[in-house]
Each structure stands twice: as structure tokens, then as C-alpha cells.
Amino acid sequence: MIPTALTTLLLAFGAAGNGLSEPIRPNHECSRENANRIFNAIHSAGRQWGSSYYHNGFSFFPSTIPRGTLLYHGDSKNKIPEGPEWLAFEIEHAEGFARSRKGRKNDGPPGVRPPGDHKEPGPGKGDPRKPPPANQDEAQKPLEDQDRQELRRRQISPGSENDDGNDDNDELNFRGYLHTYQATRDLNLLYIDGMSAGKTSMGTLDTQDLLLRENSTDQSGPALGEWARALDLCKIAASWGVDGVVRTEAGFEAIFCDFGDGLNLVRMTRTMMPDDKLGDEAMAGFMWARAIGERYNGLDADRLRIDFSSMVSALFFPVNISSSDADRPDLVRLESVSKGELKDIKTYLEGVVRQPRRFTVNWQGVVDLIVGRFAKRMASMSLGSLKADFFIDEIETITATWYDAPPLPNDAPNPWARGDDEVNRTADAIDRCRNHFLLPATIDREKWSAEDELIFTSIDTVMEDICESFFYVRELLYAAAAKKPRDDDEDDKKGRDAMELQVQGAVEAGRATVNRLMNDLGWTIWKQQQPCPADEVLFIAMWPFGFVEDHWNPGCRSVGGLWPPDGEPYWDTNKHFRRGT
């Protein structure tokens, strides 16, 4: 049943945009069907790694850039922008659009040097405030006359520093400027997930061009229609009461619609001409990538507060997101969704964005705990090289947390013992496992939004799959070992060997289940290189654990290497501090 909050919100949105009597609505069946995608969208929100791997986004998150946050802008003008413009969260990102260069007026505006390209940009390379061309072929295409004139008008206006009255064919210094701005208030923006600033035809722009802009797919002009896209997004932002949108490319950026409202210019620095530098900028692309890599697991210092309780996703709705590319069935996207259905989703989104921010539940914190609890265990169990005994240890440990073991005849007397002989221990354990990480969120369930309920359904569905899979493997192992002879029964060696083979078979079947589960979950952490192999742990001496080697040379340790028999303990417990007098 759709919760009351969801029903109320839906009834407030009016007529359908799909031409039918009723608009399509978010529902819990879709949240269950798309549970893994919704889980991953929450886990990847505001994080470069996951946004890059699952680059075709479906979700929107009303968000806040807190007062005091620093943002950066690269430009060929030494003045505050008057209209919509781009702000980067990272200095290196903006510096890529603030390079100075030599050129002629009739070459068009100064261009951006794509990472790894150390040649001077040629004519028609595009607006320096826009990301580099998607490929070099596109970069070499001349601009249409009207686009060239518009860019020249914006970049070389009469009286600007780059307009010195010289002949159009004279070689000039086109200077770049790095602007630093500070938010003077909390800035309200709409975060669009995935690689939403990626100017591609792969589906990265679907939520903007098909849904928000209502099938505006014209990508002609500079940077695949980026200027027109920014203008359209800012019109929507103004009507919805937000300051702009946050997107992701090689770095997080904001399209900010009015620099005169909410930003203070901290400084504006002119960049050096390439000929005046000692180096050749060969590391520029590398340093950009290195800076962005620091945000693989999220923006630090609370620079983007995401309201997960106001998340709206096309994945909540009954729409066709299948890929149209037979060679890439993984490229799910919105191109098969009808215009009417897209309009319904947009109408619903507008209703949520117009409401006050909630921040009721940090759902990313919930999924982080789940990933942290299970991801490395599953990666370890998936290894064919992992010993059967270690596999069994992993399963028994991860399920024992929620399994209430039965009483035994020789148990010591317990006046608090419960009469629970009739309970289904495995079923109860699965329920405890399934609910465990959701308990902190449910304590304030009466405050939940409709979106909180939909997200809960998705995470609960993921936890159901995880917990049932682990307890299924546990049952396989215990069934295989049920008739295993005692180790000291020498008369039944053949039977013991047969049982060993049976247990090994259960381990392999369990490993196949874990691999199936990992494939279904699709967590991006498994695509991210870890500091240690899956069957090792990064370790430093931590009281009461650790040896001298672990303190002076911390690193990866295997099961055996963590407790070396000849290791010298690091922590000295024999000496006592003398009290001062």
C-alpha cells in the first residue's frame, strides 16, 4: 500500500502529462524492482567514483552548498559573470578553464587545453568556460558562423581587457583568470546524479535534455549545446526556487544562475602565459585527475549537503529504462520513456523541490554501513583460492550476529531463560539481519516523507537478498556437515573423507551464491582498487593488537601474517608509569 504521505503528495500534482486520466506515479513495486539501482544511486551520490561508473543517472537530490564554502571559476574575463556560469568544487578543475594563451581575434575565444594535449588550442576549440570537447575530431570542427560570433561577443566585448583595438590578424595574449568565490548564504541547488555534465550521446544527459528540458536534444553549438542547456536549466531553477544545479564530469560543478545573489568574490588572479613558465604544463592533466581522485569517495568538509529524504528518481516510476544499444545492454537510460511519462516525473519532481528541505534520514549513511559490513567479506568469499575453512568462518561469523543459538542439555542454569523451543531460528535470524541497519532510520518513521518510504523499500529489498543468501549458504554448510564423523573415529576414515568432499561441494555451491549476489548488487567498491587483496587486511598496531613490525612497517596482512608466531609484541604492558610527586 502506498503510504499516506505519498498519496497526499501525488494528489497535489494535478493533471497527468502523459495524456491519460491519471499521471504515472512512483510506487513500491518499482522501488523493489529497481532496488539495487536505487541503492547504488544513494551510495554514489556526491561521489566521483560511483558517479563515473554508473554514469547514466536517473535521480535528483535537492541539496545545499553551506554558507562559507569556496568555489572556483575559470574565465577569460576579469569580471564577475552576469549570467549563468560554471563553478567548480576543485581548484584544478577551474584552472583548466583559466589558461592564458596566444592567438588572434579572428581565431575565436581562448580554448581549453584538454588533459594530455600540450599544443596550443587552434581556431574554434570552444568556450574556455565549457568542458573540453568529447573527442579530438569534434574539437577540430569549425564553429558555425553564428556560434563563433556569439562566443566572440561574449569573450571580446568592447572595452574588455582582451579588446585592445588591434587588427584581427595581430597575435595577442588572451589572458585567463581564476576566480574564487565564497557562499554568503546556504545555496539551494538541485543535484543531478550520474555523469550529468558529460556531453555524450550515451545517456548521461537524458535527465536534463529529455526530462527537465522536455526532449530538447539539440546538441549543436559549442560543447554540444552546453550554453543553451545552462540557460534552460536556469529558467527551470528560477521557477522552482533554487539557485542552479550540481553536476559531475571530471569533478563536481555547479551551474550557478546569478552570481550577484549568494556569492562573494574573494579574489581574481590572472594566469601566466605559457612562455613565461619554467615548465611545459606536461603534468596539467595528471594533476587535474589527481585532484578529482581525492573525491572518489565523496566531497570533504561537508561542501554539498544532500537531502536524501527529498530524492526523486525515475527508478521510482513504472517506465522503460532499457538500453537501445545492443552492444551495451548495461546502458540503461530514459530514451524509451514517453514524453508524457517524462512530464509526469518532472511534475512530481517540481512538487518535491518546492517543499522545504528535510534532511530527515541520511540514507547514504545507512547504505555505507551495509556496504562496510558486507563488501569485503563477499569479496573474500568469492575468491576460489580462499580455503574452505576460511569460507566457513566467514559465513558462520556474518550470520552468528543475528542467529539465536538453541539451548543445550548441559547449559548452566539460567533463571532468565526463555521458552523459545518452538521458534524458527533461521527465519527469525533473517528478519534480524534484514532489519538491523534500518533500525536507526525507522526510529523517526512518523516524520518520513513519501520518498523516505520508497527508499526504505529499496534498501529493505537489498537486505532481504543479502540475508537470505547468507543464511542459505549457512544451511548448505550445516547440512553437508550434519553426518560428519568425529575426527577421532579412525574406523570410519572413508566416510569422513566422503563428508569432507560433501562439505567442499557445499563451499563451492556457497561461493557460487556469493558471486551471484555480488553480480546482482553491483557495488562500485568492487570496481575500485583496494590497498590490499581481498583475503588480506591493511593493518597497523592498535592496542591491544599488533607487533613491532606492524607499527614501524604497517601494511597488508593475511590471516596467518596478522598473528606471526615469532612476532615481538609492540605494546609494553610490563612497565608502569611512575606517578608524579
Amide H within-cut-off set for GLY555, under 5 Å, with H built and near neighbours excluded: PHE539
Sparse-neighbourhood loop sites, trypsin sites (Lys or Arg not before Pro) in region 169-220 - DSSP loop, at most 10 other Cβ within 10 angstrom: none
Amide hydrogen neighbours beyond the local backbone of LEU187, cut-off 5 Å, H modeled: ILE65, ARG67
Probe 1.4 Å - accessible area at CYS467, Å² to nearest ten: 0 Å²
Pairs beyond 23 Å (Cα-Cα), from LYS105/LYS199; LYS235/LYS346; LYS102/LYS277: LYS105/LYS199
Rounded FRET efficiency, nearest 0.05, which uses the C-beta distance separating ASP275 from ASN435 and R0 of 56 Å: 0.30
Other-chain or far-sequence residues with amide H under 5 Å of ASN34's (modelled H): none
Region 288-396: trypsin sites (Lys or Arg not before Pro) in DSSP coil with no more than 13 other Cβ atoms inside 10 Å: ARG354, LYS387
Under Karplus coefficients 6.51, -1.76 and 1.60, residue-wise ³J(HN,Hα) of region 340-347 in Hz, glycine/proline x: x, 5, 4, 5, 4, 5, 4, 4
Karplus-derived HN-Hα couplings along region 528-541 (A = 6.51, B = -1.76, C = 1.60, θ = phi - 60°), whole Hz, x at Gly and Pro: 9, 4, 9, x, 9, x, 4, 9, 10, 10, 6, 9, 10, 4
Extension gain from SER216 to ASP330, taking 0.36 nm per residue of separation minus the Cα-Cα distance: 38.6 nm
Mean projected area (nm²) of the alpha-carbon convex hull when region 36-101 is viewed from all directions: 6.5 nm²
Protein-only accessible surface order, largest first, of TYR472, TYR191, TYR72, TYR403 at 1.4 Å: TYR472, TYR403, TYR72, TYR191
GluC sites (Glu not before Pro) restricted to region 43-90 and DSSP loop, no more than 11 other C-beta within 10 Å: GLU82
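The values are calculated or read from the model by the stated rules, or taken from the named source; none is laboratory data. Keep in mind it's a predicted model, so treat the numbers as computed, not measured. Virtual Cβ from ideal backbone geometry, glycine too; neighbours counted across all protein chains shown. In case anyone asks, the SASA skips ligands and DNA or RNA and just uses the protein heavy atoms, side chains included. Shrake-Rupley method; radii C 1.70, N 1.55, O 1.52, S 1.80 Å.
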